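Step one of this worksheet: look at the structure below.
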Amino acid sequence: MNTEAVIRKCATLVGIVSLSCLLSGQTPAQAVPTEPTAAILNALRSHQVVGLGLGEHNSEQGHAFLLSLVRHTDFPSTEADLVVECGNARYQDVMDRFVAGEDVAYDSLRRTWEDTTQPHAGCDVPLHEELYRAVRTVNAGLPARLRTRVLLGDPPVDWNSADGKQERIKSMAMRDSYPAQVIQQEALAKGRRALVVYGQMHLQRKQMASNYDMSHPLAQTIVSLLEAQGIKVFTVWGNSRADLQTVQTNISSWPQPSLTVVRGTVLGATEFEFFYGLPMPRMSTKDGKLSPLSRDEWRRMPMQDQFDALLYLGPPAAMTVADLPTSLCADAEYMKMRLERLKAYGPNGEAERMRKRCAEPLK
């Protein structure tokens, strides 16, 4: 096939196309769906770490899949621990006791997900607690050697510290390096594997926000830090925004959920930005400092160089996101805490938006 024909063929796949298709001179294959639970269990057996993206934060479809995975009878045999973003590592001992079946006061337990480095309520929706309770239930029927630990990956931060502001600034800079360290010290060094359930931009191989330049320390991701140490990582992107049918029309007939390995496929050849689906300013590193880049300076990156596989949960229009329960909106002490943190550290107006969002169901 001549170069012009290759370009025409690639250009029909999607508006944003990777140059890998052009440079190889080969037409990518159609992506093929596989049963996702078996695929991830196999990946946990063949890799030290599996990074599992579940789509949008608090995706109900992604969470349902994760629950089915950790409840699967074969999951304990992978000897993998669960590394989570919604957990302040300051309370690791609390979570350890809880998933081991011990009695833990609820006020102590809720600190694990309510007191992360993030001022917003993203970890307060019930599905995170549901996951931890599912691990506890599964562990109850297992010998100690097969029980799963829930490793809290968010850096330890004390919101009541006298030096809380500086402590939080320091912790925010460690939101990838700290969980990478936890994975190595608390899972791999103990002969375990790790299933990492994080916002999936922490699982990129190269940082889109830094225009894929990894020279700045803040550009590092959990995956880039682990792979730099020679650790074998398998990464999964949970699709919730991109209309995949514009790339491959038969995806609408795939089972929900499905998993597909992307390398060598039309999905793998597609520009990663297409999957992210939201505007993200990009920065360059000059003299050790970050500065904004104009759109015409943005680099391209094929999906297959960022992630190994894609988890198909259904069409974007069918995706739903869990919301804060009315019980928390009605909890005066909780609201006081969350609104104070949002006012101090959240985006402008976020505290008022939360107040209004909670006011509606309480009418």
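The values are calculated or read from the model by the stated rules, or taken from the named source; none is laboratory data. Here the structure is a predicted model, which means the values were calculated and not measured. All Cβ positions, glycine included, derive from the backbone under ideal geometry; neighbour counts span all protein chains shown.
Summary of computed values
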{"quantity": "Conditions (1) more than 17 Å from the chain's Cα centre (by Cα); (2) closer than 23 Å to residue 154 by Cα; (3) not acidic (Asp, Glu); number of the one not met by residue 45", "calculated": "(2)"}
{"quantity": "Residue among 193, 205 that alone is touching a residue at least 40 places away in the same chain (Cβ under 8 Å) and in contact with a Phe, Trp or Tyr (Cβ under 8 Å, 6 or more places away or on another chain)", "calculated": "205"}
{"quantity": "All positions within region 225-250 that are buried (at least 20 other Cβ atoms within 10 Å of the Cβ) and among the hydroxyl-bearing types (Ser, Thr, Tyr)", "calculated": "235, 240"}
{"quantity": "Boolean, residue 109 is buried (at least 22 other Cβ atoms within 10 Å of the Cβ) and in the same structural domain as residue 130 (by TED's automatic domain parsing)", "calculated": "no"}
{"quantity": "Hey, residue 307 at pLDDT 95 or above, within 17 Å of the chain's Cα centre (by Cα), assigned to a helix (DSSP H, G or I) and outside the structural domain of residue 358 (by TED's automatic domain parsing) or not", "calculated": "no"}
{"quantity": "Failed item, numbered, when residue 335 is tested on (1) free of Cβ contacts under 8 Å to residues at least 40 places away in the same chain; (2) farther than 23 Å from residue 220 by Cβ; (3) surrounded by fewer than 16 Cβ atoms within 10 Å (Cβ to Cβ)", "calculated": "(3)"}
{"quantity": "Cross-chain or 6+ apart pairs with Cβ under 7 Å, region 218-239 first and among the small types (Gly, Ala, Ser), then part of a helix (DSSP H, G or I) and surrounded by fewer than 21 Cβ atoms within 10 Å (Cβ to Cβ)", "calculated": "219/210"}
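Quick grid of which residues meet (1) farther than 17 Å from residue 58 by Cβ; (2) modelled with pLDDT under 95; (3) touching a Ser or Thr at 6+ places or on another chain (Cβ under 6 Å):
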{"position": "313", "(1), (2), (3)": "no, no, no"}
{"position": "322", "(1), (2), (3)": "no, no, no"}
{"position": "328", "(1), (2), (3)": "no, no, no"}
{"position": "337", "(1), (2), (3)": "yes, no, no"}
{"position": "343", "(1), (2), (3)": "yes, yes, no"}
{"position": "347", "(1), (2), (3)": "yes, yes, no"}
